[in-house]
Amino acid sequence: MGKLDGRVVIVTGGARGQGEAEARLFAAEGARVVVGDVLDDQGEALADDLGERARYVHLDVGSEDDWRAAVAAARDAFGKVDGLVNNAGILRFNELVKTPLEEFEEVVRVNQTGAFLGIKAVAPHIGDAGGGTIVNTSSYTGLTGMAYVGAYSATKHAVVGLTRVAALELAPRGIRVNAICPGAVDTAMSNPARLDPAADAEAAARGLDALYRKLVPLGRAGTPEEVARLALFLTAEEDSAYITGQPFVIDGGWLAGVAPI
Ligand code: NAD
């Protein structure tokens, strides 16, 4: 018996990183999973690897048309949708006063508008299926500030607000809505050198490891699989049936306060 037997869940940004870990774990727990992303080759390869219980759809989360097509594809393949993980996101580093408007709006489009459109497109179908769950992906920078990620932090604060409002409005339809707020997680987002063939990704990883040893009470970055376990907890009825409208921090203690030096 898997924790998600009989469930059908759309995972956005599911081609790599935390979304990939969520798709793999959810499928292992019995769900049928629709992986949406703009990285078509990686998304297709993941769906092939997961076999009959998975489908890949091209889903730019900022496009309402793509959302409509993704929901239709999920229903065609598996008959219903009763879960959503709004995971897709992008990060841009910049000083606020030097951030071009286009860059700010690009981050809002994916992180904030994308989560809004996902809720808008999928929640009615989850309600029709008799209820289910939405897990949004905020960040610890959705609960506190961090220099040089102003656009990102603003959108991640917005995701917490969306989560609370959606939980209030959707509870009568049996839909629980929560948010996960990861700290530093070892993916391409936190170590972009992993995507750059010209960069020394291992040296960059060693530098980041040294940083997290100092900054994070548990002394390391999190893994995508650890974040996926929290998303599973918030999606599985048996674990979290009485939880809705909440942000959940998973950050190795970084936000707890000032650690001893
Ligand atoms: P990642 O860059 O490895 O994965 C992000 C995924 O989102 C990629 O597959 C990417 O193609 C996809 N994506 C980007 N734009 C998209 C769009 N318009 N439509 C659909 N998909 C799109 O990063 P990750 O670390 O796995 O990030 C996953 C989520 O976790 C993001 O929302 C991110 O903001 C959040 N987060 C990450 C960290 C971290 O340290 N890695 C910390 C806090 C929060």
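The values are calculated or read from the model by the stated rules, or taken from the named source; none is laboratory data. Predicted, not measured: the structure shown is a model, and the values here were computed from it. Cβ sites come from the backbone with ideal geometry, for glycine too, and all protein chains shown count toward neighbours. Note: accessible area is taken over every heavy atom of the protein model, side chains too, but ligands, DNA and RNA are not part of it. Shrake-Rupley method; radii C 1.70, N 1.55, O 1.52, S 1.80 Å.
Computed values, structure above
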| quantity | calculated |
| --- | --- |
| Qualifying residue in region 102-117 (condition: open to solvent by 30 Å² or more (accessible area, probe 1.4 Å), outside any helix (DSSP H, G or I) and within 26 Å of PRO192 (Cβ to Cβ)) | no |
| Residue check, ILE261 assigned to a loop (DSSP other than H, G, I, E, B), more than 30 Å from MET1 (Cα to Cα) and of a type in the set (Val, Ile, Thr) | yes |
| Unique match (being basic (Lys, Arg) and farther than 30 Å from GLU95 by Cα) among ARG173, ARG164 | ARG173 |
| Output for region 80-101, where each listed residue is surrounded by fewer than 17 Cβ atoms within 10 Å (Cβ to Cβ) and in contact with a Leu (Cβ under 8 Å, 6 or more places away or on another chain) | none |
| Count of residues meeting criterion [surrounded by fewer than 19 Cβ atoms within 10 Å (Cβ to Cβ) and farther than 25 Å from ASP65 by Cβ] in region 30-43 | 1 |
| From the options ALA70, ALA54, ALA27, residue that is under 25 Å from GLU237 (Cβ atoms) and touching a residue at least 60 places away in the same chain (Cβ under 8 Å) | ALA70 |
| Any hit, region 126-133, residues being in contact with an Asp or Glu (Cβ under 8 Å, 6 or more places away or on another chain), more than 11 Å from the ligand (Cβ to nearest atom) and in a helix (DSSP H, G or I) | yes |
| Criterion (within 13 Å of the ligand (Cβ to nearest atom) and outside any loop (DSSP other than H, G, I, E, B)) met by exactly one of ARG194, ARG206 | ARG194 |
| Residue list for region 137-157, filter: more than 12 Å from the ligand (Cβ to nearest atom) and of a type in the set (Gly, Ala, Ser) | GLY145, ALA147, GLY150, ALA154 |
| Selection within region 210-246 - closer than 21 Å to ALA167 by Cβ, open to solvent by 30 Å² or more (accessible area, probe 1.4 Å) and not in a helix (DSSP H, G or I) | ALA241, TYR242, ILE243, THR244, GLN246 |
| Residues of region 210-236 that turn out to be among the charged types (D, E, K, R) and under 19 Å from the mean Cα position of the chain (by Cα), as a count | 3 |
| Qualifying residues in region 30-44 (those that are more than 9 Å from the ligand (Cβ to nearest atom) and in a helix (DSSP H, G or I)) - the one farthest from VAL122 (Cα to Cα) | ASP41 |
| Residue check for ARG24: in contact with a Leu (Cβ under 9 Å, 6 or more places away or on another chain), open to solvent by 70 Å² or more (accessible area, probe 1.4 Å) and within 10 Å of the ligand (Cβ to nearest atom) | no |
| Total residues in region 247-258, condition touching a strand residue (DSSP E or B) at 6+ places or on another chain (Cβ under 7 Å) and either assigned to a helix (DSSP H, G or I) or among the β-branched types (Val, Ile, Thr) (or both) | 3 |
| Residue list for region 232-260, filter: more than 22 Å from PRO172 (Cα to Cα) and in contact (Cβ under 8 Å) with a residue 40 or more places away in the chain | LEU232, PHE248, VAL249, ILE250, ASP251, GLY252, TRP254, LEU255, ALA259 |
| Hits in region 60-115 (condition: aromatic (Phe, Trp, Tyr) and away from the ligand (no atom under 16 Å from the Cβ)) | PHE78 |
| Members of region 1-21 that are open to solvent by 10 Å² or more (accessible area, probe 1.4 Å), at pLDDT 95 or above and away from the ligand (no atom under 13 Å from the Cβ) | GLY2, LYS3, ASP5, GLY6, ARG7 |
| Candidate set: region 162-191, residues that are part of a helix (DSSP H, G or I) and within 14 Å of the ligand (Cβ to nearest atom); chosen: the one surrounded by the most Cβ atoms within 10 Å (Cβ to Cβ) | THR163 |
